[in-house]
1. I'd like to compare 226-234, 328-336: which one has the highest average count of other Cβ atoms within 10 Å, and what's the full order after that?
2. Would you mind calculating the relative contact order of region 305-375 from Cα pairs under 8 angstrom and at least 6 residues apart, reporting the percent as a whole number?
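Every read-out reported here was derived from the displayed coordinates using simple, explicitly stated rules and does not represent laboratory data. As the structure is a computational prediction, the values presented were derived from the model and not from experiment. No Cβ is skipped: glycine too gets one built from the backbone with ideal geometry, and neighbour counts run over all protein chains shown.
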């Protein structure tokens, strides 16, 4: 009978313990300041919620379904494609009309044919160049938005990392965060995007005149963009990975030694204090991981629309070049294809900056988990 009474009372004690754990998690969440992220809204099956609400829901065990994100990606891409129908018509109609005039009214007139080709090229390049300027503006704004939002989230992750015992890791990763939001972002926004615009200008001149051949110059500028992104990304990733793991090992060993000292050399209350510290560290770790997932969702929400728009522009230009190739002048088709390849560089630049922040968030989450595991 005593055993049965204990078994009946066990679920009640478990519920009380879960309630106490939830209260401690809420207490840790209340110390975080989400006021700088009020304009960021995340949408799922439960509706639109703020970053703080999503973090609280994830900390209490709620899951985020990937199907929702995939459906948002699909609908956003189709919306961008439908909005670019005017660009496709502005590119294709002048080429088709010029081809019709060249092959019927001026079949034997070389001067009229050359003039029609040049006029058609200028008419087609105007909407394409305007589209390139729009993509430049979108890329700059996207990098700026990512920097501002990560500038709000990464300090909170560093604070929680220090709270779980990662003081050495936090001391190392803090200048890395400053470097990521400073030098890397300035390199992408002020240097690489300018090189991409220079590539567009060289591509235009290369196809505008038969006498000016700048194909190798355009390839050189594209290669410079890719090399700058690759080298800066590799240096950042190598320094962050090696030093981050080493700092986590130092934190784990130091905290384990401190816990052993408190547990064995402080009389009476040493073990109780050690257990209380473990519970608090565990709650902080849960909140830190939830905030890390929320930061990844914010990063994906910031990047999704600009990336899909750029991808839709590239798809429209490549589709237009493929349709016009049998009937249009070869130089115009090659120009449209080269411009679509240049616009891809905007997508690569935004994706590299987003991947840098994504790996930095993952590093902060994994270093905290490794610190707690080693203790």
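1. The packing order, highest mean first, is 328-336, 226-234.
2. Numbers: 27 pairs, mean separation 25.2, N = 71.
Here the relative contact order equals 35 percent.
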